[in-house]
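Below is one structure; the comments refer to it alone.
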Amino acid sequence: MPGTMHPPARRGKGPDYKASQRVARPGLSWHSPGVERALVFADSVSADATARTVGAARVLAGAVDVLDLGATVAEDAAPTLARLAQEGGYAYILAPATARGRDVLPRAAALLSAPYIPGVQGVEGAGTFTRSAHAGAVVEVVRCTPRPVVLTVRPHAFAPAQADETKTEHPDPSSLCEVVGQAQGEGPDLATSRVVVAGGQALGSAETFAGLVGGLADALSGAAGATRDAVEAGYAPNACQVGQTGVSVAPDLYIGLGVSGAVQHTCGMREARCVVAVNTDAGAPMCQIADYVLEADLFDAAPRLIAALRASG
Ligand SMILES: Cc1cc2nc3c(=O)[nH]c(=O)nc-3n(C[C@H](O)[C@H](O)[C@H](O)COP(=O)(O)OP(=O)(O)OC[C@H]3O[C@@H](n4cnc5c(N)ncnc54)[C@H](O)[C@@H]3O)c2cc1C
């Protein structure tokens with residue numbers, strides 16, 4: 001393989017990288033709630049993501065129920081979720097921060113007149129959560145005393161939990177809409193995939209993007225992601241966009257093919273456990289945060305990687 005492999009670089013996760021930001025609610029103070037119950041809205045996400053979300057819930061609360069509404073559209077799922085949350089007296093209503101969770105949960109929060117906290121990535125205590133803000137430049141600590149509170153949880157932010165202690169409900173949702181057809185995306189869900197291969201505008205065309213980014217993602221049983229510039233150039237669908245105005249991912253392995261590493265992109269992938277940058281410019285910001293840098297032309301490196309992975313089965 002041509003190109004130079006650089007040793008792992010240190011990822012900037014120190015205080016300079018993420019300043020702490022407190023969001024105070026004057027006049028509100030926490031009092032012991034006893035056991036608080038959580039309702040996890042978990043349909044249309046992988047079992048793994050659900051287990052991880054339930055893991056978060058178990059830290060928050062003593063009892064967790066899972067609500068499965070199948071593929072119900074958000075307009076129907078939200079009122080059903082809100083009604084069951086109210087009837088069950090749940091303190092927390094949560095879902096993975098996937099496109100589905102982000103679609104349904106704010107609607108349910110509005111119906112419940114409840115606070116909504118998106119993209120929770122840590123739990124400091126009952127009703128106290130951490131989430132990143134300002135494109136990941138700061139970590140907010142949000143304390144919330146009203147109940148219920150509605151939140152989405154970043155997939156992979158928590159260790160998996162045993163899901164067998166939970167009770168799953170499959171109620172009939174209220175029906176405002178009828179689903180007449182659904183397009184099923186191919187491959188693993190970008191937000192929850194353990195491997196993400198992302199490509200930038202350097203790919204040059206939709207065909208090349210599909211062949212190299214999609215091909216490498218397939219070879220690794222992962223999902224394809226893209227920078228906004230690649231999406232705007234029409235190389236990849238909008239749903240593939242990783243970053244501030246796209247999807248947040250936290251895979252075990254993230255590979256950036258010709259991705260410069262602008263802060264608007266890295267704020268959506270910096271929780272990845274291992275980052276590999278393939279770039280002709282070793283000084284690109286992505287190479288500064290990467291664990292491994294392959295300083296190489298992606299048009300040479302990616303086909304070789306795909307071939308080697310396919311050959312190894
Ligand atoms: C408000 C706002 C929100 C934004 N939200 C997002 C977002 O959510 N997600 C996002 O991604 N961006 C977002 N952006 C855009 C972001 O600022 C960058 O412009 C974008 O991420 C850069 O995309 P890129 O890396 O594909 O392109 P470029 O910045 O052009 O970088 C191309 C990279 O490819 C490398 N390269 C070129 N040719 C090769 C080759 N043959 N082999 C290997 N490497 C090569 C270059 O060295 C360079 O590092 C946002 C911007 C704004 C202002």
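The values are calculated or read from the model by the stated rules, or taken from the named source; none is laboratory data. Owing to the predicted nature of the structure, the values given are computational and were not obtained by experimental measurement. Here the Cβ is made from the backbone with ideal geometry for all residues, glycine too, and neighbour counts use every protein chain on show.
Of note:
- Residue ID - surrounded by the most Cβ atoms within 10 Å (Cβ to Cβ), chosen from residues in the range 212-224 that are part of a helix (DSSP H, G or I) and within 14 Å of the ligand (Cβ to nearest atom): V213
- Residues located in the range 95-127, provided they are more than 10 Å from the chain's Cα centre (by Cα) and assigned to a loop (DSSP other than H, G, I, E, B): S113, A114, P115, A126, G127
- Pick from the range 83-94, criterion assigned to a helix (DSSP H, G or I) and not hydrophobic (A, V, I, L, M, F, W, C), ranking: nearest to E36 (Cα to Cα): G88
- Residue list for the range 128-148, restricted to those being more than 20 Å from the chain's Cα centre (by Cα) and crowded, with 21+ Cβ neighbours inside 10 Å: C144, P148
- Every residue from the range 246-261 that is near the ligand (Cβ under 6 Å from one of its atoms) and within 16 Å of R154 (Cβ to Cβ): G246
- Condition check for V259: buried (at least 21 other Cβ atoms within 10 Å of the Cβ) and not aromatic (F, W, Y): yes
- Considering (1) modelled with pLDDT of 90 or more; (2) under 22 Å from G246 (Cβ atoms); (3) of a type in the set (V, I, T), the lone condition that V142 does not fulfil carries the number (2).
- Of residues in the range 61-75 being modelled with pLDDT under 85 and outside any loop (DSSP other than H, G, I, E, B), the one farthest from A239 (Cα to Cα): A63
- Residues (within 12 Å of the ligand (Cβ to nearest atom), part of a loop (DSSP other than H, G, I, E, B) and either surrounded by fewer than 22 Cβ atoms within 10 Å (Cβ to Cβ) or among the hydrophobic types (A, V, I, L, M, F, W, C) (or both)) located in the range 262-313: A262, C267, M269, T280, D281, A282, G283, A284, A290, A296, D297
- Scanning the range 233-243 turns up one or more residues that are surrounded by 21 or more Cβ atoms within 10 Å (Cβ to Cβ), of a type in the set (G, A, S) and on the phi > 0 side of the Ramachandran plot.
- Pair list, Cβ under 7 Å, 6 or more apart: the range 194-205 residue among the β-branched types (V, I, T), other residue within 8 Å of the ligand (Cβ to nearest atom): V197/L257
- Lone unmet requirement of (1) modelled with pLDDT under 85; (2) exposed (fewer than 15 other Cβ atoms within 10 Å of the Cβ) for A110: (1)
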